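Asks: This is the structure I want to talk about, given as structure tokens.
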Amino acid sequence: MTGQVLAAIIGTVAFSVLYSVPRAYYPHCGFIGGAGWLVYCLLIPHTTAPEATFFAAILVVLLSRMSAVWERCPVTIFLISGIFPLVPGGGVYWTAYYIVTNQMELAARTGFMAVKVAVAIVLGIVLVFQLPQKVFHMGKTRNKERKL
């Protein structure tokens, strides 16, 4: 599992480079992507892939919103990079492969699973974005008040 989390961190940072994220945010992006993948890996033996992805997406969005407040930048910098390891690219690939090779039953099964995982990601994002922004500013505001 350590190797998978490390690969998720490296993959997230690499995607951040392609997405033109400023260099200062690479550690945040890598941490967020690795944390999401760690939650996925810990939950997948006990739940289904969509459920594990849902909870991992919730963590990714929470960490992305906190990092955005901390760094005072848009949340999309961290969210799009951090969600990258959870995207069901393999499922979409295998669905297309099974369609081309005329294995329609396997195509339907893998395609439906990829859609369920994608919907789980969307639901996790929507759920966390329903939290008010001031929830994420509370800790930062308290630290400023202490310094004064």
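The values are calculated or read from the model by the stated rules, or taken from the named source; none is laboratory data. From a predicted model like this one, the values you see are computed outputs, not experimental measurements. Surface accessibility is based on the protein's heavy atoms, side chains included, excluding ligands, DNA and RNA. Shrake-Rupley method; radii C 1.70, N 1.55, O 1.52, S 1.80 Å.
Asks: For the chain, what is the mean residue ellipticity at 222 nm derived from helices alone (per DSSP H run of n ≥ 4: -39500 (n - 2.57); sum divided by total residues; nearest 500 deg cm²/dmol)?
Replies: Rounded to the nearest 500, it is -27000 deg cm²/dmol.
Asks: Plugging the Kirkwood radius over Cα pairs into Stokes-Einstein for the stretch 9-89, at a temperature of 20 °C and a viscosity of 1.002 mPa s, what D comes out in µm²/s?
Replies: Using the Kirkwood radius from Cα pairs, D works out to 174 µm²/s.
Asks: Does the chain classify as rounded, prolate or oblate by the C-alpha gyration tensor (a ≥ b ≥ c root eigenvalues; a/c under 1.5 gives rounded; else a/b over b/c gives prolate, otherwise oblate)? Don't skip to the end; give the middle numbers.
Replies: Numbers: a/c = 2.47, a/b = 1.99, b/c = 1.24.
Prolate, because a/c is 1.5 or more and a/b exceeds b/c.
Asks: Please identify the DSSP H helices in the chain that span no less than 18 Å along the helix axis (Cα) and have a mean Kyte-Doolittle hydropathy of -0.5 or more.
Replies: Qualifying helices: 2-18, 26-43, 49-71, 104-129.
Asks: If you don't mind, another one. Determine the per residue accessible area of the chain with all protein chains present and a 1.4 angstrom probe, expressed in square angstrom.
Replies: Result: 60 Å² per residue.
Asks: I would also like to ask the following. Give the relative contact order (percent, whole number) for the chain; include only Cα pairs under 8 Å separated by 6+ residues.
Replies: Answer for the chain is 25 percent.
Asks: Classify the stretch 71-142: rounded, prolate or oblate, from the alpha-carbon gyration tensor (a ≥ b ≥ c, eigenvalue square roots; a/c under 1.5 rounded; otherwise prolate if a/b is larger than b/c)? Can you show the working numbers first?
Replies: Details: a/c = 6.20, a/b = 3.05, b/c = 2.03.
Verdict is prolate for the stretch 71-142.
Asks: How much length would be gained if the chain were fully extended between residue 131 and residue 72, taking 0.36 nm per residue of separation minus their Cα-Cα distance, in nm to one decimal?
Replies: Stretched out fully, the residue 131 to residue 72 stretch lengthens by 19.5 nm.
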